[in-house]
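Structure, as structure tokens:
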Amino acid sequence: MNISFLLLKDFRNYRHLELRLEPGVSLFFGRNASGKTNLLEACYYLSSLTSVRAERDHDLCRWGAKAFAAGCRVDDDGSSKTIKVQVAVEPALRRKVTVDDVPVRRSELIRVLPAVYFSPDDLYMIKRSSASRRKFLDSLLGRIDPEYARRLSRYQDALARRNNVLKKIRSDPSWRRTLESLDGILVEAGSMVTARRLTAMGDLQREVSETYAFIAGRPCGVSYASSIGVGEVGGDLEDISRKFEESLQAKREEETARGITLSGPHRDDIVLTLGGKEVRYFGSQGEQRSAALALKLAEAKMLEGAFGRKPVLLLDDVLSELDEYRRKKVLSLCDYGHQILITATDPIEDLAPDVTEFRVQDGSVEPYEGGGMA
Ligand SMILES: Nc1ncnc2c1ncn2[C@@H]1O[C@H](COP(=O)(O)OP(=O)(O)OP(=O)(O)O)[C@@H](O)[C@H]1O
Ligand SMILES: [Mg+2]
């Protein structure tokens, strides 16, 4: 599956862009602030209607314009589909999304164009607190399974209410009864979230370990660290609920004293290890970057499993901190049928035989033949 044509109108710094793309690797190189990330952002937007960095659609509209449009043709096994998104940001936000001119919901787009975006900031997924790793898993599961997103949001609502009540109990113990009724909702929604995560962990462990080994030549360990003590992959819902309840009971006094909920999926983590040591604390910069990349490539595999198509890999500035062996490995992913759109500040010589190169300059993109034309 590949994007064969991309059209942008007033998207970020692109006034008007029409671009033909080939399967395999396409490299977009150009100076800082030329529009490379914007281009990948547009492709991801066509897959998800969400931006990789903006909170609001308004930010995607070229400054001074009142509307923008993005569209692409996606070829797959001899057939092709056209996605079009037209967005007016003024006077009010209005969005029209079609596939082959038929209006569709946002969740349909990923079926036509599954895509994974990797940015240098994804390194923080490895380096920073557990919240970024939970976000990775939640966002992946939410795209594969909209029911998961609904359950997670129910859980988060219950959690916010419960934390609120915990704070009130400190001055007024009569709130304890409300706490008990909230516990039921929290355990029900939270256990389902945990169970779904644990089921996914089975696949994720295998995929992350394999992709890490593919990029870096050695396997990487992945495990789920649960705050209620259910570490086994594919956990049973009843067992999870029981452990969750027990954990809430055991920590009740501490929770009341601190005014926060200390057990549940919002306290869980994904732990990555190399040779038994946590990558987060002991990994080199390149190992951490490779681990972040392995998580993203595992995401691609899981999307492929869910939607039956090989996602387009949007790799924003990933090559800069990888050694030559790892760079070549990443680019060779196109041999497995992935279209790869990758950005860099300079052309890449000799890394992969069939890279189509484009020069990006102030919101325009031109094919680049290489050699003395630089
Ligand atoms: N809504 C917008 N309208 C017009 N221009 C915008 C808009 N949003 C961002 N830009 C500008 O687009 C330019 C290109 O941004 P982009 O992030 O794509 O650069 P880049 O080529 O990825 O650079 P780098 O190599 O530094 O990552 C920037 O100068 C940015 O300020
Ligand atoms: Mg950029």
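The values are calculated or read from the model by the stated rules, or taken from the named source; none is laboratory data. Predicted model only: the values in this text are computed from it and were never measured. Please note: Cβ atoms are built from the backbone with ideal geometry, for glycine as well, and neighbour counts cover all protein chains shown.
May I ask you to say which residue of 47, 26, 34 is crowded, with 18+ Cβ neighbours inside 10 Å, away from ligand 2 (no atom under 16 Å from the Cβ) and among the hydroxyl-bearing types (Ser, Thr, Tyr)? Break it down into steps so the answer makes sense when it comes.
Values: 26 fails: away from ligand 2 (no atom under 16 Å from the Cβ); 34 fails: away from ligand 2 (no atom under 16 Å from the Cβ).
Being crowded, with 18+ Cβ neighbours inside 10 Å, away from ligand 2 (no atom under 16 Å from the Cβ) and among the hydroxyl-bearing types (Ser, Thr, Tyr) holds for just one of 47, 26, 34, which is 47.
For a quick check of your reading of the model, give me the residue pairs whose first member lies in segment 22-36 and is in the same structural domain as residue 336 (by TED's automatic domain parsing), whose second is within 13 Å of ligand 2 (Cβ to nearest atom) and of a type in the set (Phe, Trp, Tyr), with beta-carbon atoms closer than 9 Å and at least 6 apart or on different chains.
Every condition considered, the pairs that remain are 34/28; 35/28; 36/28; 36/29.
Hey, can you tell me all the residues within segment 276-287 that are modelled with pLDDT of 95 or more and assigned to a helix (DSSP H, G or I)?
279, 280, 281, 282
Tell me which helices (runs of 4 or more DSSP H) are completely within segment 113-182 and hold 1 or more residues being outside the structural domain of residue 49 (by TED's automatic domain parsing) and in contact with a strand residue (DSSP E or B) (Cβ under 6 Å, 6 or more places away or on another chain), or say none if there are none. If you could, list the steps in order and put the result at the bottom.
Values: elements: 123-127, 130-144, 146-169.
It comes to 130-144.
Could you list, in sequence order, all residues of segment 16-46 that are within 10 Å of ligand 1 (Cβ to nearest atom) and assigned to a strand (DSSP E or B)? Spell out the reasoning first.
Restricting attention to segment 16-46, the residues satisfying the condition of being within 10 Å of ligand 1 (Cβ to nearest atom) are 28-42.
The answer is 28, 29.
Counting only residues that are surrounded by fewer than 17 Cβ atoms within 10 Å (Cβ to Cβ) and under 18 Å from the mean Cα position of the chain (by Cα), how many does segment 160-205 have?
Qualifying residue count for the region: 1.
Any residue in segment 321-331 that is more than 25 Å from residue 77 (Cα to Cα), under 21 Å from the mean Cα position of the chain (by Cα), within 16 Å of ligand 1 (Cβ to nearest atom) and of a type outside the set (Phe, Trp, Tyr)?
Yes, the conditions are met somewhere in segment 321-331.
Which ones in segment 324-345 are modelled with pLDDT of 90 or more and either in contact with a helix residue (DSSP H, G or I) (Cβ under 8 Å, 6 or more places away or on another chain) or within 16 Å of ligand 2 (Cβ to nearest atom) (or both)? Can you show your working first?
First, pick out the residues of segment 324-345 that are modelled with pLDDT of 90 or more: 338-345.
338, 340, 341, 342, 343, 344, 345 - these are the residues of segment 324-345 that are modelled with pLDDT of 90 or more and either in contact with a helix residue (DSSP H, G or I) (Cβ under 8 Å, 6 or more places away or on another chain) or within 16 Å of ligand 2 (Cβ to nearest atom) (or both).
All but one of (1) among the charged types (D, E, K, R); (2) within 17 Å of residue 151 (Cβ to Cβ); (3) without any contact (Cβ under 8 Å) to a residue 24 or more places away in the chain hold for residue 196; state the number of the condition that does not hold.
So the condition that residue 196 fails would be (3).
Within segment 191-200, is even one residue part of a loop (DSSP other than H, G, I, E, B), farther than 21 Å from residue 291 by Cα and out of contact with any His (no Cβ under 6 Å at 6 or more places or on another chain)?
Pass one, segment 191-200, residues part of a loop (DSSP other than H, G, I, E, B): none.
Scanning segment 191-200, I find no residue that is part of a loop (DSSP other than H, G, I, E, B), farther than 21 Å from residue 291 by Cα and out of contact with any His (no Cβ under 6 Å at 6 or more places or on another chain), so the answer is no.
Can you spot a residue in segment 47-59 that is more than 23 Å from residue 318 (Cα to Cα), near ligand 1 (Cβ under 8 Å from one of its atoms) and in contact with a Ser or Thr (Cβ under 9 Å, 6 or more places away or on another chain)?
yes
Could you tell me which numbered condition residue 73 fails, if it satisfies all but one of (1) within 21 Å of the chain's Cα centre (by Cα); (2) surrounded by fewer than 22 Cβ atoms within 10 Å (Cβ to Cβ); (3) under 22 Å from residue 24 (Cα atoms); (4) not acidic (Asp, Glu)?
Unmet for residue 73, out of (1) within 21 Å of the chain's Cα centre (by Cα); (2) surrounded by fewer than 22 Cβ atoms within 10 Å (Cβ to Cβ); (3) under 22 Å from residue 24 (Cα atoms); (4) not acidic (Asp, Glu): (1).
Can you say whether residue 13 is surrounded by fewer than 19 Cβ atoms within 10 Å (Cβ to Cβ) and either among the polar types (S, T, N, Q) or within 13 Å of ligand 1 (Cβ to nearest atom) (or both), as far as the supplied structure shows? Talk me through it step by step, then tell me what you get.
Working: surrounded by fewer than 19 Cβ atoms within 10 Å (Cβ to Cβ): yes; either among the polar types (S, T, N, Q) or within 13 Å of ligand 1 (Cβ to nearest atom) (or both): yes.
Yes: the conditions hold for residue 13.
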